[in-house]
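Data first, discussion second: the structure below is written as structure tokens.
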Amino acid sequence: MMDRNQFLFERAQAVIPGGVNSPVRAFRAVGGTPRFVARAQGAYFWDANGKQYVDYIGSWGPMILGHGHPKVVEAVQRAVLEGFSFGAPTEREIELAEAIIKLLPSIEQVRLVSSGTEAGMSAIRLARGFTGRSLMVKFEGCYHGHADALLVKAGSGLATFGHPTSAGVPAEVAQHTLVLPYNDVEALEAAFQTHGDQLATVIIEPIAGNMNFVRASVPFMKRLRELCTQYGALLILDEVMTGFRVGLSCAQGLYAQAIPGFAPDLTVLGKVIGGGMPLAAFGGRRDVMAKLAPLGGVYQAGTLSGNPVATACGLATLQEISQPGFFESLSAKTRSLVQGLKAVADRRGVPFSIDSEGGMFGFFLLPQLPQNYQEVMKTDGPAFNRFFHAMLDQGVYFAPALYEAGFVSAAHTDADIAATLAAAEQAWA
Ligand code: PLP
């Protein structure tokens, strides 16, 4: 039989660079042919050959209810009939802003945009405009979208300025970004000591989902908050991935339980708040948000911002995940996958560690959970690739790279998880 995925991939490569509209979809890290998705429903999608997969990516996080949830579909259909886009304000934008603010006490005002990249980039511009400073800190292994200032890797040595990780990013831009190791309190203190007075902001993924799944330790987050306050730098939590995915109060809610009074100055959201439509947001302290145009001098805008179909999708999604018991049930499901995989790995003698929070998980072919990017990269790449393909062949779709997190949705059933564990038994046989 003709492999229609391969056929489409070849056709795509003629007209789209690398055949994909976002690089990780190309399977470069794991090799092989990307699966072209024909349709999806619940916890599954079907590829161009008609093969069914249990989907543990869920569009890289947004599909927390599974694909095609009837209430979300209905809300979107209703919105479509009212119009696609107006470029003028709508009541639904207020409803979504109110829903976000109700769930996240650190957000007093919020602005809607269309992608996580846009939200992160705008939040950083706002932090710079508010503080009148230029420098920012990011952490190695964290991803905040593909804005120029964020495509930066660490310079050599502590507290030196970064170098571009992408062609096309001027060195002058990268030089305003300081890249530090994640979970390293000493490096953080040294950076603040040297540059604290010039720092506009520190941006961090509280649970780093772009180096698979690495939690910021509580002492690290606590010290980060203290230093930002002491030096007048704004703390931005990038919750594009963790927001309404690890819990209804997001990752910041978890840290607030462990660190009394903990709150970021700004939060960046995306993925789940759009329920699969292009929608993201940034928000936080009212005095900071007041610097945004049209009130203040920090410019930010968007033709499709607060799109009426996307806001309908996001609102319906937030409504469903706010139902009592939603996250208890999702967390229990994710835990059963996580504990099951660990048990299979142990039986098969595979070095394995795994962690989860809410509907987000990450596994490593390492005996212990890593604490930073350097440790994540000690994973045996070829062993990961073999496991990935063995699972894919059996109809289980994990992320096609070892530095990506995984996602469980409310639509995953016990039977899906049992089938996944049986596939892992085979993969490691
Ligand atoms: N921030 C984080 C933590 C992300 O995981 C991502 C995307 O994966 C982004 C920002 C960028 O979001 P988008 O892909 O919507 O531009």
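Limited to the stretch 259-302, what total is found for residues that are under 20 Å from ILE94 (Cβ atoms), in a loop (DSSP other than H, G, I, E, B) and within 16 Å of the ligand (Cβ to nearest atom)?
Qualifying residue count for the region: 5.
Which numbered condition in (1) under 27 Å from LEU254 (Cα atoms); (2) more than 16 Å from the ligand (Cβ to nearest atom); (3) of a type in the set (Asp, Glu) is the only one that GLU172 fails?
Condition (1) is where GLU172 drops out.
Just to be sure, is PHE244 away from the ligand (no atom under 14 Å from the Cβ) and touching a helix residue (DSSP H, G or I) at 6+ places or on another chain (Cβ under 6 Å)?
On the way: away from the ligand (no atom under 14 Å from the Cβ): no; touching a helix residue (DSSP H, G or I) at 6+ places or on another chain (Cβ under 6 Å): yes.
Answer is no for this residue.
Do we have any residue at all in the stretch 358-369 that's polar (S, T, N, Q) and closer than 27 Å to ILE64 by Cβ? Before you say what the answer is, go through the steps one by one.
Filtering the stretch 358-369 for residues polar (S, T, N, Q) gives 368.
After this cut, where a residue has to be closer than 27 Å to ILE64 by Cβ as well, the list is none.
Checking the stretch 358-369: not a single residue is polar (S, T, N, Q) and closer than 27 Å to ILE64 by Cβ.
Which of the following residues is within 15 Å of the ligand (Cβ to nearest atom) and either over 28 Å from VAL272 (Cβ atoms) or at pLDDT 95 or above (or both): ALA127, ALA123? Break it down stepwise before answering.
On the way: ALA127 fails: within 15 Å of the ligand (Cβ to nearest atom).
Checking each option against the conditions leaves just ALA123.
Name the one entry in MET121, MET136 that is buried (at least 22 other Cβ atoms within 10 Å of the Cβ) and touching a residue at least 60 places away in the same chain (Cβ under 8 Å).
Residue meeting the stated conditions: MET136.
Can you find a residue that is under 30 Å from LEU235 (Cα atoms), touching a Lys or Arg at 6+ places or on another chain (Cβ under 7 Å) and within 16 Å of the ligand (Cβ to nearest atom) anywhere in the stretch 88-111? Quick ask: steps written out before the conclusion?
So in the stretch 88-111, the residues under 30 Å from LEU235 (Cα atoms) come out as 89, 92-111.
Adding the requirement that they be touching a Lys or Arg at 6+ places or on another chain (Cβ under 7 Å) leaves 108-109.
From the residues that got through so far, the ones that are within 16 Å of the ligand (Cβ to nearest atom) too are none.
Looking through the stretch 88-111, none of the residues is under 30 Å from LEU235 (Cα atoms), touching a Lys or Arg at 6+ places or on another chain (Cβ under 7 Å) and within 16 Å of the ligand (Cβ to nearest atom).
Determine which member of the set GLY157, GLY168 is assigned by TED's automatic domain parsing to the domain that holds LEU227, modelled with pLDDT under 95 and within 25 Å of the chain's Cα centre (by Cα). Can you show your working first?
Numbers: GLY157 fails: within 25 Å of the chain's Cα centre (by Cα).
Exactly one residue qualifies, and that residue is GLY168.
Within the stretch 341-380, which residues are acidic (Asp, Glu) and in a helix (DSSP H, G or I)? Steps first, please.
Taking the stretch 341-380 as the starting set, the residues that turn out to be acidic (Asp, Glu) are 346, 355, 357, 375, 380.
ASP346, GLU375, listed by residue number.
Looking for something among the acidic types (Asp, Glu), at pLDDT 95 or above and touching a His at 6+ places or on another chain (Cβ under 7 Å) - is there at least one such residue anywhere in the stretch 317-332?
First, the residues of the stretch 317-332 that are among the acidic types (Asp, Glu): 320, 328.
Imposing the further condition that a residue be at pLDDT 95 or above reduces the set to 320, 328.
From the residues that got through so far, the ones that are touching a His at 6+ places or on another chain (Cβ under 7 Å) too are 320.
Scanning the stretch 317-332 turns up at least one residue that is among the acidic types (Asp, Glu), at pLDDT 95 or above and touching a His at 6+ places or on another chain (Cβ under 7 Å).
Could you tell me whether the stretch 307-326 includes any residue that is more than 16 Å from ALA75 (Cα to Cα) and in a helix (DSSP H, G or I)?
yes
Go through (1) surrounded by fewer than 18 Cβ atoms within 10 Å (Cβ to Cβ); (2) within 16 Å of the ligand (Cβ to nearest atom) one by one and return the number of the condition SER305 breaks.
If we test SER305 against (1) surrounded by fewer than 18 Cβ atoms within 10 Å (Cβ to Cβ); (2) within 16 Å of the ligand (Cβ to nearest atom), just (1) comes out false.
The values are calculated or read from the model by the stated rules, or taken from the named source; none is laboratory data. Predicted model only: the values in this text are computed from it and were never measured. In this analysis, Cβ positions are derived from the backbone assuming ideal geometry, glycine residues included, and neighbour counts consider all displayed protein chains.
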